[in-house]
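Asks: Below: one structure in structure tokens.
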């Protein structure tokens, strides 16, 4: 019994030692504290925003990596994300945002009392990949200096009051995957330089809807293979847009509705990737090509145009109601009345 008891005690001691050794050292577990420079900048940002209740957790007595609305790098303690969403915040975007040198993500979203222009200090954020300043009341021109932030992959300035023309310099963002300028008051032409996206690492999805853009789509767009989406709806664009399409395109979503486009739809070739096509309220003529029956369309609308002829039978075309086809010159066949 004595030997058995000694063996059990030794085994328990050995197991306890192994368990202790397997636990991570506290020095390796602890995350570094917030950088003192970043903390000072954050408190300056809070003061510039009039010390809103939404940022009540930004207490100088507390490590700033514990504060709400931001994220720190786990290894360095530097602030890498600033996300202020749907709070009762008023004022302008503090220029001090540009003094957080390791920011990768800036997201000021649904702050209806956030006004003014985008500060030029954001160009100092060389690591910035995500910039969303949407659903605010920002105004002034879309700054050309945004083209200097080369790391950007996502730029969203939608649902604001930006005016003036679209700066050509945005095409100098080689890594951009999505550009949202929709729901503003932008005027002028789509920059010819946007064709230069073809020379970058990607062609971004482009959202320019609900503005007051005029003129024709640059022919340089014909060389672009948009990744997923292009939305130019609800502007005053005119002329040919047929070159946006093609058998070899990868684009899945095209919305050109409520413009003044004029081209022969019967001569257009469509990619099999296309699942959303909205061309309503334009001046498009010709007939519907038979190739449309080969597409897995989930949304389709060609109403209020100048189309003629029989709607091709087959595919998904009969799954859409008459409102997708009506108010054309002489379209006929299901779901419209039969051709005479």
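The values are calculated or read from the model by the stated rules, or taken from the named source; none is laboratory data. Just so it is clear, the structure is predicted and the values come from calculations on it, not from any experiment. FYI the Cβ positions are ideal-geometry reconstructions off the backbone, even for glycines, and counts take in every protein chain you see.
Asks: Within region 14-31, can one find any residue that is at pLDDT 95 or above and surrounded by 11 or more Cβ atoms within 10 Å (Cβ to Cβ)?
Replies: Here is the first cut: in region 14-31, the ones at pLDDT 95 or above are none.
Checked against the condition, which is being at pLDDT 95 or above and surrounded by 11 or more Cβ atoms within 10 Å (Cβ to Cβ), region 14-31 yields no hits at all.
Asks: Let me ask you something else. In the set 203, 126, which member is touching a helix residue (DSSP H, G or I) at 6+ places or on another chain (Cβ under 7 Å) and in a loop (DSSP other than H, G, I, E, B)? Give the steps one after another, and end with the answer.
Replies: On the way: 126 fails: touching a helix residue (DSSP H, G or I) at 6+ places or on another chain (Cβ under 7 Å).
Of the residues listed, the single one that is touching a helix residue (DSSP H, G or I) at 6+ places or on another chain (Cβ under 7 Å) and in a loop (DSSP other than H, G, I, E, B) is 203.
Asks: Turning to a different aspect of this structure: Write out, first by first residue and then by second, each pair whose Cβ atoms fall under 6 Å of each other, whose residues are 6+ apart or on separate chains, and whose first residue, in region 195-212, is on the phi < 0 side of the Ramachandran plot and at pLDDT 85 or above while the second is part of a strand (DSSP E or B) and crowded, with 20+ Cβ neighbours inside 10 Å.
Replies: Partner pairs satisfying both residue conditions: 204/179; 206/179; 206/230; 207/180; 207/231; 209/231; 211/186.
Asks: Further question: Could you please let me know if residue 331 is surrounded by 17 or more Cβ atoms within 10 Å (Cβ to Cβ), more than 27 Å from residue 207 (Cβ to Cβ) and touching a residue at least 40 places away in the same chain (Cβ under 8 Å)? Steps first, answer last, please.
Replies: On the way: surrounded by 17 or more Cβ atoms within 10 Å (Cβ to Cβ): yes; more than 27 Å from residue 207 (Cβ to Cβ): yes; touching a residue at least 40 places away in the same chain (Cβ under 8 Å): yes.
Here the answer is yes, as residue 331 does meet what is asked.
Asks: Which of the residues that make up region 307-326 are surrounded by 15 or more Cβ atoms within 10 Å (Cβ to Cβ), over 33 Å from the mean Cα position of the chain (by Cα) and either in contact (Cβ under 8 Å) with a residue 60 or more places away in the chain or more than 18 Å from residue 255 (Cβ to Cβ) (or both)?
Replies: Going residue by residue through region 307-326, those that are surrounded by 15 or more Cβ atoms within 10 Å (Cβ to Cβ) are 307-312, 315-317, 320, 324-325.
Applying the additional criterion that residues be over 33 Å from the mean Cα position of the chain (by Cα) yields 307-312.
Across region 307-326, the qualifying residues are 308, 309, 310, 311, 312.
Asks: Moving to a separate point now. Please verify whether region 208-220 includes one or more residues that are in contact with a helix residue (DSSP H, G or I) (Cβ under 8 Å, 6 or more places away or on another chain), crowded, with 20+ Cβ neighbours inside 10 Å and not in a loop (DSSP other than H, G, I, E, B). Break it down into steps so the answer makes sense when it comes.
Replies: Keep residues of region 208-220 that are in contact with a helix residue (DSSP H, G or I) (Cβ under 8 Å, 6 or more places away or on another chain), which gives 217-220.
Cutting the leftovers down to crowded, with 20+ Cβ neighbours inside 10 Å gives us 217.
Subset that is not in a loop (DSSP other than H, G, I, E, B): none.
No, because not a single residue in region 208-220 is in contact with a helix residue (DSSP H, G or I) (Cβ under 8 Å, 6 or more places away or on another chain), crowded, with 20+ Cβ neighbours inside 10 Å and not in a loop (DSSP other than H, G, I, E, B).
Asks: Out of (1) in contact with a helix residue (DSSP H, G or I) (Cβ under 7 Å, 6 or more places away or on another chain); (2) surrounded by fewer than 18 Cβ atoms within 10 Å (Cβ to Cβ); (3) farther than 27 Å from residue 216 by Cα, what's the single condition that is false for residue 294?
Replies: Every condition holds for residue 294 apart from (1).
Asks: Next question. Starting from region 164-187, take each residue that is at positive phi and list its partners that are assigned to a loop (DSSP other than H, G, I, E, B), counting only C-beta distances under 6 angstrom and pairs at least six apart or across chains.
Replies: 183/158; 183/159; 183/210
Asks: May I ask you to say which residue of 169, 209 is farther than 24 Å from residue 88 by Cα and more than 15 Å from the chain's Cα centre (by Cα)? Before the answer, list the steps.
Replies: On the way: 209 fails: more than 15 Å from the chain's Cα centre (by Cα).
On inspection, the qualifying residue turns out to be 169.
Asks: Return the only residue of 220, 271, 227 being touching a residue at least 40 places away in the same chain (Cβ under 8 Å) and under 24 Å from the mean Cα position of the chain (by Cα).
Replies: Details: 220 fails: touching a residue at least 40 places away in the same chain (Cβ under 8 Å); 271 fails: touching a residue at least 40 places away in the same chain (Cβ under 8 Å).
Going through 220, 271, 227 in turn, the sole match is 227.
Asks: Right, residue 224: modelled with pLDDT under 95 and over 30 Å from residue 92 (Cβ atoms) or not? Lay out the reasoning, then the answer.
Replies: Details: modelled with pLDDT under 95: yes; over 30 Å from residue 92 (Cβ atoms): yes.
Yes: the conditions hold for residue 224.
Asks: Can I ask one more? If a residue must be in contact with a helix residue (DSSP H, G or I) (Cβ under 6 Å, 6 or more places away or on another chain) and surrounded by 17 or more Cβ atoms within 10 Å (Cβ to Cβ), how many such residues does region 90-114 contain? Spell out the reasoning first.
Replies: Residues of region 90-114 in contact with a helix residue (DSSP H, G or I) (Cβ under 6 Å, 6 or more places away or on another chain): 94-96, 98-100.
From what is left, the residues that are surrounded by 17 or more Cβ atoms within 10 Å (Cβ to Cβ) are 94, 96, 98-100.
Residues in region 90-114 being in contact with a helix residue (DSSP H, G or I) (Cβ under 6 Å, 6 or more places away or on another chain) and surrounded by 17 or more Cβ atoms within 10 Å (Cβ to Cβ): 5 in total.
Asks: Give region 230-247 a look and list any residue that's farther than 22 Å from residue 296 by Cβ and assigned to a helix (DSSP H, G or I), or say none.
Replies: Across region 230-247, the qualifying residue is only 243.
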